[in-house]
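A quick write-up on the structure given underneath.
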Amino acid sequence: MDFASRSTFRSSAHAELRARQRGFRDADVELILAFGTDTDNGAILTSADAERGVAALKRQIADLERLTGAAVVTEGDTVVTLYHARQTRARHMLRNAGRRCRRL
């Protein structure tokens, strides 16, 4: 388990050993840090934190479903326009893009 892969935190050998022994997955630290309550020595994921996190992710899933087929046209770092692409236009864009995708 390498916590440092996506986090600003480095993991000690002790933390990696204990994580494996206790059945934590690689992404678990990220989730606890992202959604948990900060404490003096780290973070803890409470039931209320988990409920808020689930609600936030459900909203994000609903947004993804609503935006399926939407296109954003960019020029450099400027958003020029956005629209709902018809299926034929979407195929054309994907074919000409060489499968490039800008991630935020």
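The values are calculated or read from the model by the stated rules, or taken from the named source; none is laboratory data. Nothing here was measured: the structure is a model prediction, and the numbers come from that model. Cβ: placed from backbone, ideal geometry, glycine included. Neighbour counts: every protein chain shown.
Listed here are the residues, each with its yes/no results for (1) touching a Phe, Trp or Tyr at 6+ places or on another chain (Cβ under 9 Å); (2) more than 29 Å from R95 (Cβ to Cβ).
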{"residue": "A15", "(1), (2)": "yes, yes"}
{"residue": "A27", "(1), (2)": "no, yes"}
{"residue": "R52", "(1), (2)": "yes, yes"}
{"residue": "V72", "(1), (2)": "yes, no"}
{"residue": "T81", "(1), (2)": "no, no"}
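Test R102 against the stated conditions and say whether it is at pLDDT below 95 and in contact with a helix residue (DSSP H, G or I) (Cβ under 9 Å, 6 or more places away or on another chain). Against the criterion (at pLDDT below 95 and in contact with a helix residue (DSSP H, G or I) (Cβ under 9 Å, 6 or more places away or on another chain)), R102 does not qualify. Quick one: would you say G42 is in contact (Cβ under 8 Å) with a residue 12 or more places away in the chain, more than 30 Å from A97 (Cα to Cα) and either of a type in the set (G, A, S) or surrounded by 11 or more Cβ atoms within 10 Å (Cβ to Cβ) (or both)? No: the conditions fail for G42.
Of all residues in segment 53-95, those being basic (K, R) and under 27 Å from F35 (Cβ atoms) number 3. Please work out which residue is nearest to N96 (Cα to Cα), limiting yourself to segment 69-83 and to residues that are surrounded by fewer than 10 Cβ atoms within 10 Å (Cβ to Cβ) and hydroxyl-bearing (S, T, Y). If we take residues in segment 69-83 being surrounded by fewer than 10 Cβ atoms within 10 Å (Cβ to Cβ) and hydroxyl-bearing (S, T, Y), then T81 is nearest to N96 (Cα to Cα). Would you confirm, using the coordinates I've provided, whether Q87 is closer than 26 Å to S11 by Cβ, loosely packed, with under 11 Cβ neighbours inside 10 Å and polar (S, T, N, Q)? It is false that Q87 is closer than 26 Å to S11 by Cβ, loosely packed, with under 11 Cβ neighbours inside 10 Å and polar (S, T, N, Q). So which of R89, R10 ends up being at pLDDT below 90 and either at positive phi or in a loop (DSSP other than H, G, I, E, B) (or both)? That would be R10, the only listed residue that is at pLDDT below 90 and either at positive phi or in a loop (DSSP other than H, G, I, E, B) (or both).
Checked against (1) exposed (fewer than 10 other Cβ atoms within 10 Å of the Cβ); (2) modelled with pLDDT of 90 or more; (3) among the basic types (K, R), R20 meets all criteria but (1). Just one of the listed residues (D26, D49) is surrounded by 12 or more Cβ atoms within 10 Å (Cβ to Cβ), within 21 Å of the chain's Cα centre (by Cα) and at pLDDT below 90, namely D26.
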